[in-house]
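J.: A single structure is presented below for examination.
Here, each number is a calculation from the coordinates, and none is a lab measurement. All values reported here derive from a predicted model rather than from experimental measurement. As a convention, Cβ positions derive from the backbone with ideal geometry for all residues, glycine included, and neighbour counts pool all protein chains shown.
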Amino acid sequence: MNRLILAVCVWPILVLAACSGGGDPTDGGSDTNGDHPVEYYIPASGEISGWVEDPAKCGYATSCDPGVQVADTETEATDIVDGHITIFTQDSQGNPRTWVALAMEFYKRSDDATKTIGLELYQMGSAADAQGAYEDQRFKTYAEYEEFSLGDAARIHSEPTTAAPEYYWLHARKGVYVVNMLEAKTGTDAPGKQAAVDFLTALVQKLP
């Protein structure tokens, strides 16, 4: 997997490291539980049935090449996640957490492009740091969540809210990894909610 330094992906003047494609175990740094870089675990387009890459989306970067966006410095991560990387680099008291890397990708349904998912996968330096970030109130965003059994911990905010009437937010934690599945516009009925859970389940099952 080749990583490109994209001067065009700046907001306002930050540099974004991006990578194309889904999962080359021979490139990039390795995680603390195996030999793969964080982007290895991001599902490729079509890997999860019915879901393909949405190349029109870039997170908070102004533009980017198609494929997984990767950041392993705080400057790069700030560009693509709009500053909330501090949740993963330090606790609410300013004490440091060990964060390693971030991979981000966007998906849409192959049969209905109005249904979309944004995915962020954070690799932390230890399971304790992953737990600390997962339990951080700044990360939870919404007050009401339903916990469910997946990985070491998982939750979905219980129903679409006034602040987010069209989508769900889901989080999961497994080992040194924390997942933020944002703006899951999969449908607000029961099948739509299950579709969001199924996507998260497929990802977490890949994690070591």
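J.: What spacing in nm lies between the two simple spin-label points modelled at residue 144 and residue 75, each 7 Å away from Cα in the Cβ direction?
T.: 4.4 nm
J.: Taking K and R as +1 and D and E as -1, what net charge do the other residues with C-beta under 12 Å from the C-beta of residue 91 add up to?
T.: Numbers: positive: 97, 138; negative: 129, 135, 136.
For residues surrounding residue 91, the net value is -1.
J.: Counting other beta carbons within 10 Å of each Cβ, put 53, 135 in order, fewest first.
T.: Working: 53 21, 135 13.
Ordered from fewest to most neighbouring Cβ atoms within 10 Å, 53, 135 come out as 135, 53.
J.: Which net charge results for the neighbourhood of residue 113, defined as the other residues with beta-carbon distances under 13 angstrom from its beta-carbon, given Lys and Arg at +1 and Asp and Glu at -1?
T.: +1
J.: Could you work out how much longer the chain between residue 152 and residue 56 gets when fully extended? Use 0.36 nm per residue separation minus the Cα distance between them, nm to one decimal.
T.: Full extension from residue 152 to residue 56 adds 31.3 nm.
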